[in-house]
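Notes follow once the structure below has been shown.
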């Protein structure tokens, strides 16, 4: 356990108001924000990932946004490595650290460490990637369920990265990944952290998601995807797996209408929000905060007692 740095984590489903609250907290407590978003790390993925603008940041330093190219590999291991260094640097400046975002796996890796599973053999990884590119994610998920049902139960049937990892470890070494992960639960925790989960009512959250998705398309999301595609960033890239990007590309290629792509993106975003809520609830010790009656989002005043007790006691 690294006792020198106590982290404040602002998490929850997409469109729940995480960034706004984190910025208010950072201004009050002299903190810097490390983004917990697997898609906002990519340059050029701006509108569709809901990146905060420089104006919205209000002068608060933000990290791990726009830090890699769309064709560069970025995963939980890279996140932990970079976040560790940033936490050290922020602490050296006598500032506090706020982790803000919705990628639960990255936060779990940062706080609890990565499971030391063996690497997937290159030839196995290449075969799995080829099958995924052919649209066989759900077939591979079924194959994973046959050899490692516990791992498969925790992975969505279209989660390319995690299916490839779990099945790849088994095919490469005959090792069941879920057993390694179970053993890893006893590992020492890496950082003390207060995890605040923003939990708007589902109806309110769905309304916020609908407004956000519409605004993205109004702001030029389709043009953003066209620029990425024209720059050679094709749909097979992991970065293009961010919600809506492959749908927009399909609209550009005439495989569906823009209206159809927008509707599918709205549905996918709502489904993702539900998965985020479940993940943080099951995998991390999250303290859920709901908006006050009649309010659309969580107010700063609601969380100040918890944060004061955490950082100022």
Residue in segment 267-277 that is touching a helix residue (DSSP H, G or I) at 6+ places or on another chain (Cβ under 7 Å), without any contact (Cβ under 8 Å) to a residue 24 or more places away in the chain and at negative phi present: no
Neighbours by Cβ (under 6 Å, 6+ apart or cross-chain): first from segment 122-142, outside the structural domain of residue 170 (by TED's automatic domain parsing) and in contact (Cβ under 8 Å) with a residue 60 or more places away in the chain; second crowded, with 16+ Cβ neighbours inside 10 Å and assigned to a helix (DSSP H, G or I): none
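Just one of 12, 48 is in contact with a strand residue (DSSP E or B) (Cβ under 6 Å, 6 or more places away or on another chain) and either in contact (Cβ under 8 Å) with a residue 60 or more places away in the chain or surrounded by fewer than 23 Cβ atoms within 10 Å (Cβ to Cβ) (or both); which is it?
Within the list 12, 48, the selection yields 12.
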Tally, over segment 271-313, of residues that are part of a helix (DSSP H, G or I) and under 22 Å from the mean Cα position of the chain (by Cα): 13
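When you check residue 132 against the structure, is it part of a helix (DSSP H, G or I) and farther than 21 Å from residue 38 by Cα, yes or no?
Taking the combined requirement at face value, the residue does not satisfy it.
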Whichever residue in segment 162-202 is within 30 Å of residue 16 (Cα to Cα) and exposed (fewer than 14 other Cβ atoms within 10 Å of the Cβ) and, among such residues, is modelled with the lowest pLDDT: 185
In segment 60-77, residue surrounded by the most Cβ atoms within 10 Å (Cβ to Cβ) [restricted to those that are at pLDDT 95 or above and outside any loop (DSSP other than H, G, I, E, B)]: 62
Subset of segment 1-53 (residues that are part of a strand (DSSP E or B) and under 30 Å from residue 233 (Cα atoms)): 11, 33, 34, 35, 36, 42
Residue match in segment 208-227 (condition: in the same structural domain as residue 52 (by TED's automatic domain parsing), farther than 30 Å from residue 69 by Cα, touching a helix residue (DSSP H, G or I) at 6+ places or on another chain (Cβ under 8 Å) and at pLDDT 95 or above): no
Extreme residue, nearest to residue 27 (Cα to Cα), among residues of segment 98-115 that are at pLDDT below 95 and part of a loop (DSSP other than H, G, I, E, B): 113
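The values are calculated or read from the model by the stated rules, or taken from the named source; none is laboratory data. Just so it is clear, the model here is predicted, and its values are computed rather than measured. Every residue, glycine among them, receives a Cβ derived from its backbone with ideal geometry; neighbour counts consider all protein chains shown.
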